[in-house]
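The values are calculated or read from the model by the stated rules, or taken from the named source; none is laboratory data. These figures come from a predicted structure and were not determined experimentally. Note that we place each Cβ from the backbone using ideal geometry, even for glycine, and neighbour counts take in every protein chain shown.
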């Protein structure tokens with residue numbers, strides 16, 4: 001049975017357990033470490049301006065793409081609108097951009113099997 005409220009809460013989540021906010025320095029990787037341990041899984045919601053070009057690397061150092069070169073990447077993606085990933089405690093996220101955008105990461109614990 002469906003209630004009239006189901007659609008209203010479809011994309012509604014509580015405030016994050018923890019998070020990070022930062023202003024990147026141009027062409028300089030900035031790492032953060034996810035709190036907790038590897039038995040804790042978080043929903044990571046990334047926030048950037050729609051005009052910002054920001055890359056994030058999981059458990060490594062983010063690097064900028066080279067013009068005119070298609071480079072193979074592993075665990076590095078460009079952050080876009082509605083960019084959400086799962087991360088574990090103790091994971092490292094590294095951010096990089098050619099500009100100086102503001103970046104937010106909201107972490108919401110979804111599993112703790114400790």
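Give the range 79-90 a look and list any residue that's surrounded by 14 or more Cβ atoms within 10 Å (Cβ to Cβ) and either touching a strand residue (DSSP E or B) at 6+ places or on another chain (Cβ under 6 Å) or outside any loop (DSSP other than H, G, I, E, B) (or both), or say none.
Going residue by residue through the range 79-90, those that are surrounded by 14 or more Cβ atoms within 10 Å (Cβ to Cβ) are 79, 83, 85, 87-90.
The answer is 79, 83, 85, 87, 88, 89.
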Could you tell me which of the residues 4, 21 is closer than 30 Å to residue 114 by Cα and either modelled with pLDDT of 95 or more or in a loop (DSSP other than H, G, I, E, B) (or both)? 21
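Can you go through 27, 49 and tell me which one is part of a loop (DSSP other than H, G, I, E, B), modelled with pLDDT of 95 or more and surrounded by 10 or more Cβ atoms within 10 Å (Cβ to Cβ)? Talk me through it step by step, then tell me what you get.
Numbers: 49 fails: modelled with pLDDT of 95 or more.
It is 27.
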